[in-house]
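The values are calculated or read from the model by the stated rules, or taken from the named source; none is laboratory data. On a predicted model such as this, the values are computed, not experimentally measured, just so you know. Cβ coordinates were reconstructed from backbone atoms using ideal geometry, including for glycine residues, and neighbour counts include every protein chain displayed.
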Amino acid sequence: MGPLLLRTLNLDGDRQADLSVHGGPYKAMYGYPSEHYPLLGFVLGKVAAPGKIHAREFFAPETGGLFESDLHIGDRLRIGSAVLMARQPRVPCYKLVAKFQPDDMIDLFLRGGRSGFHFSVEQEGVVENGQAFEFLSHEPEAITIAEMNLLFATDKYNRTLVKRALATSALPEDWRDHLAKRLTRAATVER
């Protein structure tokens with residue numbers, strides 16, 4: 001597949017069926033570290049192949065070290081002529097479980113720390129297979145994708161992480177609302 005224009009909401013030619021949960025400005029591009037593919041392939045009993053652009057998913061072997069634990073919400077990166085901002089982890093939906101069958105598929109992604117991440121497009125541009133990500137700015141005080149996974153899957157009422165997430169200005173409003181309610185519930189439980 002040749003070069004594709006990455007627009008504010010998706011790659012040219014891409015369509016999402018249910019925009020209430022898929023796509024949108026904070027899920028315009030999905031990144032998944034190529035280093036996760038061997039484990040994913042082992043668990044699924046299939047060979048998982050990185051190095052393709054398909055729909056919203058961009059898999060580039062050259063990501064080399066772009067992991068959930070190192071990527072902070074709000075970090076800005078360039079790929080091709082596009083500028084992206086890390087916004088949130090990917091939370092797999094039931095369709096992934098239905099397609100691949102393991103009942104613990106969501107655990108594999110979130111508790112295993114292999115969720116991948118969604119980006120917003122800050123500057124539209126052309127992307128192509130095999131291009132590497134270049135950091136433009138880094139937000140070390142912001143919550144990481146890995147910490148967001150912990151909040152979603154295993155450490156739901158960690159007040160320190162919830163507060164760190166809420167202090168992250170680039171975190172989408174729906175996550176903010178969800179975590180603020182959780183913080184309120186945690187305070188109620190502690191009384």
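Data table
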read-out: Every residue from region 148-165 that is assigned to a helix (DSSP H, G or I) and surrounded by 12 or more Cβ atoms within 10 Å (Cβ to Cβ); value: Met148, Asn149, Leu150, Leu151, Phe152, Ala153, Arg159, Leu161, Val162, Lys163, Arg164, Ala165
read-out: Every residue from region 116-138 that is among the polar types (S, T, N, Q) and not in a loop (DSSP other than H, G, I, E, B); value: Ser120, Gln123, Ser137
read-out: Lone qualifier among Thr144, Thr168 - being surrounded by 19 or more Cβ atoms within 10 Å (Cβ to Cβ), of a type in the set (S, T, N, Q), over 30 Å from Pro3 (Cβ atoms) and under 14 Å from the mean Cα position of the chain (by Cα); value: Thr144
read-out: Index of the failed condition, Asp12 passing every other in (1) closer than 20 Å to Arg87 by Cβ; (2) surrounded by fewer than 18 Cβ atoms within 10 Å (Cβ to Cβ); (3) at pLDDT 65 or above; value: (1)
read-out: Of residues in region 146-191 being among the acidic types (Asp, Glu) and farther than 16 Å from His118 by Cβ, the one modelled with the lowest pLDDT; value: Glu190
read-out: Qualifying positions in region 105-145 - at pLDDT 95 or above, polar (S, T, N, Q) and within 13 Å of Ser81 (Cα to Cα); value: Gln123
